[in-house]
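The values are calculated or read from the model by the stated rules, or taken from the named source; none is laboratory data. For clarity, every value in this text was computed on a predicted model and none was experimentally measured. Here the Cβ is made from the backbone with ideal geometry for all residues, glycine too, and neighbour counts use every protein chain on show. The area values use the complete protein model at the heavy-atom level, side chains included, leaving out ligands, DNA and RNA. Shrake-Rupley method; radii C 1.70, N 1.55, O 1.52, S 1.80 Å.
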Amino acid sequence: MASIAIIDYGMGNLRSVAKALEHVAPNTRVLVTQKRQDILHADRVVFPGQGSIRDCMRELAHWELVDVVREAALGKPFLGLCLGPQALMTFSEENGGVECLDVLPGRMIWFGELHDPDSGERLKVPHMGWNQVRQVRDH
């Protein structure tokens, strides 16, 4: 039976990710795990996350998963969700600068403060939630 390992490093909505994968791949073993062997022996790996990249990298180091994530990302089908793809980069300017996994060479750069074009109000970054959508025609 094929297997998918979801990396549990203390961040991310692991149960929702596992339930979604079980739904779309009912004949696949889905395992939420921190164990090196489980991750490296899985056919596919999912690396979820949420929050700040500094916290992500700290937790990966705490659980001794930095090298495991690198190895899995380089050696098998690998899906990073939310914070997962950011962690694969070399460096992130978030939180004043954080060394990342360096699987994908490059830097995540800070794009500055964002403001609503109509009200001038400062926008929260990252933004999560629902918005109103307006259709704008460009002539």
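If the condition is being in contact with an Asp or Glu (Cβ under 6 Å, 6 or more places away or on another chain), of a type in the set (Gly, Ala, Ser) and open to solvent by less than 30 Å² (accessible area, probe 1.4 Å), then segment 1-22 contributes Ser3, Ala5. Residues of segment 98-116 being farther than 22 Å from Val68 by Cβ, open to solvent by 90 Å² or more (accessible area, probe 1.4 Å) and either within 16 Å of the chain's Cα centre (by Cα) or among the hydrophobic types (A, V, I, L, M, F, W, C) (or both), which ones? The answer is Arg107, Ile109, Trp110, Phe111.
For segment 28-73, the tally of residues that are in contact with a Phe, Trp or Tyr (Cβ under 6 Å, 6 or more places away or on another chain), surrounded by fewer than 20 Cβ atoms within 10 Å (Cβ to Cβ) and closer than 11 Å to Ile6 by Cα stands at 1. I'd like to check something: does segment 60-75 contain any residue that is farther than 21 Å from Asp8 by Cα and of a type outside the set (Phe, Trp, Tyr)? No, segment 60-75 contains no residue that is farther than 21 Å from Asp8 by Cα and of a type outside the set (Phe, Trp, Tyr). What do you reckon, is Ala25 of a type in the set (Gly, Ala, Ser) and surrounded by 12 or more Cβ atoms within 10 Å (Cβ to Cβ)? Considered against the rule, which asks whether it is of a type in the set (Gly, Ala, Ser) and surrounded by 12 or more Cβ atoms within 10 Å (Cβ to Cβ), Ala25 comes out as yes. Every test in (1) surrounded by 14 or more Cβ atoms within 10 Å (Cβ to Cβ); (2) farther than 17 Å from Ile6 by Cβ is passed by Leu88 save one, and that test is (2). The residues in segment 1-33 that are over 16 Å from Lys76 (Cα atoms), out of contact with any strand residue (DSSP E or B) (no Cβ under 6 Å at 6 or more places or on another chain), part of a loop (DSSP other than H, G, I, E, B) and not hydroxyl-bearing (Ser, Thr, Tyr) can be counted, and the count is 7.
For segment 74-85, filtered to residues that are closer than 19 Å to Glu99 by Cα and touching a strand residue (DSSP E or B) at 6+ places or on another chain (Cβ under 6 Å), the residue that is most open to solvent (accessible area, probe 1.4 Å) is Gly80. Of all residues in segment 34-82, those that are within 16 Å of the chain's Cα centre (by Cα), under 24 Å from Glu22 (Cβ atoms) and assigned to a loop (DSSP other than H, G, I, E, B) total 8.
Only residues that are in a strand (DSSP E or B) and on the phi < 0 side of the Ramachandran plot were counted in segment 83-121, giving 11.
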